[in-house]
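Participant: Mind having a look at this structure? Questions to follow.
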Amino acid sequence: MSEFAQPLEGRVALVTGSARGIGRAIALKLAALGADVGINDVARSEQAEAVVAELATLGRRGCVAMGDVSKEGDAQAIVATVEQALGPVDILVNNAGTNRPAPFLEVRVEDFDAIFALNVRAAFFMAQIVALRLLEAKLPGSIIHISSQMGHVGAAR
């Protein structure tokens, strides 16, 4: 840690889908700025534990909160796990997302439902869970949604 004030000192972040990729990078940056971070993933527990170890090298606390954010019970448990380990979540980064690319005329209902459940529904309800807890505790907070550039630029088919 530097001798300069950390702008997120004392804050607790939860980053969904953060065992690897963009989520991991976001978690590490939040930690570098002073936040303690809950690491979430649906299946990569070893990678999630490795991210928590990286947070410790930055002088920050972390915890693993495994679960599927698209399932209501898991979503509640994920937030509760982070709060129990680190304190109230006042930064939520909805990063978990998926895609099952297919030509428009070949998209299957089960693929559409899985994509929508994680990319839209889960982000909405994770934000709701955190917002309700912040309001009840009369705490300020930040909710950040990550999306794909494909939502802005599109692609063939």
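The values are calculated or read from the model by the stated rules, or taken from the named source; none is laboratory data. The model shown is predicted, which means the values in this text are computed figures rather than measured ones. Quick reminder, even Gly has a Cβ in these numbers, built from the backbone with ideal geometry, and neighbours come from all protein chains shown. What goes into the accessible areas is simple: the full protein's heavy atoms, side chains included, and nothing from ligands, DNA or RNA. Shrake-Rupley method; radii C 1.70, N 1.55, O 1.52, S 1.80 Å.
Participant: Within the set of pairs 6+ apart or on separate chains, which have a first residue in the stretch 89-107 that is over 14 Å from ARG24 (Cα atoms), a second that is exposed (fewer than 12 other Cβ atoms within 10 Å of the Cβ), and C-beta atoms under 7 Å apart?
Facilitator: From the stretch 89-107, the pairs are ASP90/LEU139; ASP90/PRO140; PRO103/ARG157; PHE104/ARG157.
Participant: Still on this structure: Got a sec? Which helices (runs of 4 or more DSSP H) wholly within the stretch 15-132 have at least 3 residues that are more than 15 Å from ILE143 (Cβ to Cβ) and in contact with a Cys (Cβ under 7 Å, 6 or more places away or on another chain)? Spell out how you get there, then give the answer.
Facilitator: Working: elements: 21-32, 45-57, 72-86, 109-116.
Hits in the stretch 15-132: 72-86.
Participant: Could you identify the single residue in ALA48, ALA114, ALA96, ALA137 that is of a type in the set (Gly, Ala, Ser), over 15 Å from GLY23 (Cβ atoms) and open to solvent by less than 40 Å² (accessible area, probe 1.4 Å)? Let's see the steps before the verdict.
Facilitator: On the way: ALA48 fails: over 15 Å from GLY23 (Cβ atoms); ALA96 fails: over 15 Å from GLY23 (Cβ atoms); ALA137 fails: open to solvent by less than 40 Å² (accessible area, probe 1.4 Å).
Being of a type in the set (Gly, Ala, Ser), over 15 Å from GLY23 (Cβ atoms) and open to solvent by less than 40 Å² (accessible area, probe 1.4 Å) holds for just one of ALA48, ALA114, ALA96, ALA137, which is ALA114.
Participant: Go through the residues of the stretch 34-54 one by one and say whether even a single one is touching a Phe, Trp or Tyr at 6+ places or on another chain (Cβ under 7 Å), touching a residue at least 12 places away in the same chain (Cβ under 8 Å) and closer than 14 Å to ASN94 by Cβ.
Facilitator: So far as the stretch 34-54 goes, no, none of its residues is touching a Phe, Trp or Tyr at 6+ places or on another chain (Cβ under 7 Å), touching a residue at least 12 places away in the same chain (Cβ under 8 Å) and closer than 14 Å to ASN94 by Cβ.
Participant: OK, next. Do we have LEU14 as modelled with pLDDT of 95 or more, more than 14 Å from the chain's Cα centre (by Cα) and not charged (D, E, K, R) here?
Facilitator: For LEU14, the condition - modelled with pLDDT of 95 or more, more than 14 Å from the chain's Cα centre (by Cα) and not charged (D, E, K, R) - is not met.
Participant: Go through the residues of the stretch 140-148 one by one and say whether even a single one is open to solvent by 100 Å² or more (accessible area, probe 1.4 Å), farther than 21 Å from VAL37 by Cβ, modelled with pLDDT of 95 or more and of a type outside the set (Phe, Trp, Tyr).
Facilitator: Among the residues of the stretch 140-148, not one is open to solvent by 100 Å² or more (accessible area, probe 1.4 Å), farther than 21 Å from VAL37 by Cβ, modelled with pLDDT of 95 or more and of a type outside the set (Phe, Trp, Tyr), which makes the answer no.
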